[in-house]
Structures are given as C-alpha cells and as structure tokens.
Amino acid sequence: MELIKDGIRIDGRKKDELRDIKIEVGVLKRADGSAYVEWGMNKVYVAVYGPRELFPRFLRRSDKAVLQCKYNMASFSVDDRKRPGPDRRSVEISKVTRGALEPVVLTENFPESVINVNIEVVQAEAGTRCAGITAASVALADAGIPMKDLVPSCAAGKVGSEIILDLCKEEDNFGESDLPIAMIPRTGGISLLQMDGLMTAEELEEALNLVKKGCKIIYEKQKEALRKRYKGDDHD
Ligand code: UDP
C-alpha cells in the first residue's frame, strides 16, 4: 500500500497536518468535569470525579491526592469486536495517561483523596491515547481541579521515509513507527513519549518539531473549548 505520494497522504493530508479536531466541555451531567473529543474518526468521552474520599483507606496518601486513570475501549469501537474489560493494552494506556497528566495537577492540595479520570473510547481510528489525554486535561479543568497547565497530546510517525504528524489508521498499521507525545506547553516539558518502531536521531528531532507544532494547535483548541463553556453563561 502506498501511504504517501508526492507529499500527499492516503487521507489527503499534508505531512504536517492534523486530522479535524473538535473539543466540547461539560458534556456529561453526572460527572464533576467532562469533555468529548472528535479527532478524525476517533470519538472519546472523559468523565472526571473528585477530589473525593479514597476507599479503600490504605490507598490514601497523606501528602497528595491519588490520580486514578482508567482508559477503556468500547467493544463496538473497532472493526473487530474488542473483548470487553481491561487488557494489557488498556492497563498500559491508563498508566501512561496518569503519568502524562499528574505533573500538571496540584495533587498536593488534596491529601487523602482521589481524583478519578475515566476515558471511554467509543470509536477508535488510531491515536486514541493522545485524544484521551487531550480530552482528560480539559475535563480536569472543567471539574475545577487546580492545574499548572493543560496537556495537549498528539503523535508523529514515519511512513516510507517521511516523518508525518498525527497518524491515521492505515499509517499506524502499515507505517514504520509511531511516536505518541504529550506536552506541557508552559514549560516546554514532555510528560509522555512512547515509540513503536524505529527512527534515527535526526528523524526523532524532526518528529518532535512536528509534534510541537501540532500540540500548539491542539492547546489553542483546548483553551477555546473551555472559554466557550465558561463564557459568562449559567452552568451547573
Ligand atoms: N485497535 C483495534 N483493536 C484493539 C486495539 C486497537 O482495532 O483491540 C486499533 C484502534 O483503531 C486504535 C489503533 O488500533 O486506535 C492503534 O492502537 P494503539 O495501541 O497504537 O493505540 P492508539 O494509537 O489508539 O493510542
């Protein structure tokens, strides 16, 4: 399969172009904070609860809140029905999601408590961990949890000999490598960096630069979504 021809990708994008991204805030009535992201064909809901008392008690920390993240993919979200319930992949994504978000959350303000972040992927088309992290940081802000920054996240990758931004399903399946990254824009920090496949040091540098550009656009969309939600209107 030819994934890129004359600089144009299989879905018509240029190398440095993101898929369409739409972010909505406050979409779930029963959650303390929530967000919905449509990212290409990905559809992801995030519900945040807390800070609240943590049970069982032995899990409590006297110095900070525990941030619990749960990534779940609905069985109907992918082509081949996914077996419901946690698996190795969802446990891994839950763990790296917590790692991506924890540096920005002021957990030290809420000792003995828990903040729950539930990520539900209802439609998946590559890049769901990045979509989940992007939505989760917005949902945390919607819950009124004090944070140092939002966390935009997107992947870069390699198809053929080209470095590209935001892999679609075919690029993820048949490309050479996939590099999901989450950023903390205020400090320029990186709170998630994984790599599936191989890249040279120069390619990695190029991929990082692309991701930085992508994250800048996503960061603006996150802020815009929050502004839209909190623009002086009444909300509960
Ligand atoms: N996928 C799938 N079935 C699964 C897991 C993943 O079809 O059980 C697809 C889904 O579209 C997902 C993509 O493979 O988005 C890439 O998965 P990966 O593990 O790389 O995570 P992601 O890119 O979604 O963060």
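Considering every residue within region 206-227, establish whether at least one is among the polar types (S, T, N, Q), at pLDDT 95 or above and touching a Ser or Thr at 6+ places or on another chain (Cβ under 9 Å). Talk me through it step by step, then tell me what you get.
First, the residues of region 206-227 that are among the polar types (S, T, N, Q): 209, 222.
Applying the additional criterion that residues be at pLDDT 95 or above yields 209, 222.
Imposing the further condition that a residue be touching a Ser or Thr at 6+ places or on another chain (Cβ under 9 Å) reduces the set to 222.
Scanning region 206-227 turns up at least one residue that is among the polar types (S, T, N, Q), at pLDDT 95 or above and touching a Ser or Thr at 6+ places or on another chain (Cβ under 9 Å).
Where strands (runs of 3 or more DSSP E) sit wholly within region 158-200, those with at least 3 residues that are within 16 Å of the ligand (Cβ to nearest atom) and under 17 Å from the mean Cα position of the chain (by Cα) occupy 177-184, 189-193.
What about SER34, is it among the hydroxyl-bearing types (Ser, Thr, Tyr), at negative phi and touching a residue at least 12 places away in the same chain (Cβ under 8 Å)?
yes
Screening TRP39 against (1) free of Cβ contacts under 8 Å to residues at least 24 places away in the same chain; (2) surrounded by 19 or more Cβ atoms within 10 Å (Cβ to Cβ) leaves a single unmet condition, (1).
May I ask you to list pairs of residues, at least six apart or on different chains, whose Cβ atoms are under 8 Å apart, with the first in region 208-232 being in contact (Cβ under 8 Å) with a residue 60 or more places away in the chain and crowded, with 17+ Cβ neighbours inside 10 Å and the second being among the small types (Gly, Ala, Ser) and in a loop (DSSP other than H, G, I, E, B)? Here the result reads ARG229/GLY26, each pair linking region 208-232 to a residue that is among the small types (Gly, Ala, Ser) and in a loop (DSSP other than H, G, I, E, B).
Do we have any residue at all in region 91-98 that's of a type outside the set (Ser, Thr, Tyr), open to solvent by less than 40 Å² (accessible area, probe 1.4 Å) and either in contact with a strand residue (DSSP E or B) (Cβ under 6 Å, 6 or more places away or on another chain) or within 25 Å of ILE190 (Cβ to Cβ) (or both)?
Within region 91-98, one or more residues are of a type outside the set (Ser, Thr, Tyr), open to solvent by less than 40 Å² (accessible area, probe 1.4 Å) and either in contact with a strand residue (DSSP E or B) (Cβ under 6 Å, 6 or more places away or on another chain) or within 25 Å of ILE190 (Cβ to Cβ) (or both).
Consider LYS82 against the criteria (1) at pLDDT 95 or above; (2) more than 22 Å from GLN194 (Cα to Cα); (3) more than 16 Å from the ligand (Cβ to nearest atom): it satisfies all of them except one. Which criterion is unmet? Result: LYS82 fails condition (3) only. For region 53-80, the tally of residues that are in contact with a helix residue (DSSP H, G or I) (Cβ under 8 Å, 6 or more places away or on another chain) and more than 22 Å from PHE110 (Cβ to Cβ) stands at 3. Considering only residues in region 181-207 that are among the aliphatic types (A, V, I, L, M) and in contact with a Cys (Cβ under 8 Å, 6 or more places away or on another chain), the one that is most open to solvent (accessible area, probe 1.4 Å) turns out to be MET183. Can you tell me which residue within region 100-128, out of those that are among the charged types (D, E, K, R) and more than 16 Å from the ligand (Cβ to nearest atom), is farthest from CYS168 (Cα to Cα)? Per the stated criteria, the residue is GLU112.
Name the single residue that is most open to solvent (accessible area, probe 1.4 Å) among those in region 62-90 being within 21 Å of LYS169 (Cβ to Cβ) and among the acidic types (Asp, Glu).
Residues of region 62-90 within 21 Å of LYS169 (Cβ to Cβ): 71-83, 87-90.
Then keep just the ones that are among the acidic types (Asp, Glu); that gives 79-80, 87.
Values: ASP79: 150, ASP80: 126, ASP87: 60 Å².
In this case the residue turns out to be ASP79.
Within region 129-144, being open to solvent by less than 10 Å² (accessible area, probe 1.4 Å) and either within 13 Å of the ligand (Cβ to nearest atom) or not hydroxyl-bearing (Ser, Thr, Tyr) (or both) holds for CYS130, ALA131, GLY132, ILE133, THR134, ALA135, ALA136, VAL138, ALA139, LEU140.
Residues in region 1-53 that are in contact with a Ser or Thr (Cβ under 7 Å, 6 or more places away or on another chain) and either among the charged types (D, E, K, R) or within 14 Å of GLU171 (Cα to Cα) (or both): how many? Number satisfying all stated conditions: 2. Of all the residues in region 145-157, those that are open to solvent by less than 20 Å² (accessible area, probe 1.4 Å) and away from the ligand (no atom under 14 Å from the Cβ) number 5.
The values are calculated or read from the model by the stated rules, or taken from the named source; none is laboratory data. Bear in mind that the values here come from a model prediction, so they are computed numbers and not experimental data. Backbone-built Cβ (ideal geometry, glycine too); neighbour counts: all protein chains shown. Heads up: the accessible areas ignore ligands, DNA and RNA and are worked out on the full protein's heavy atoms, side chains in. Shrake-Rupley method; radii C 1.70, N 1.55, O 1.52, S 1.80 Å.
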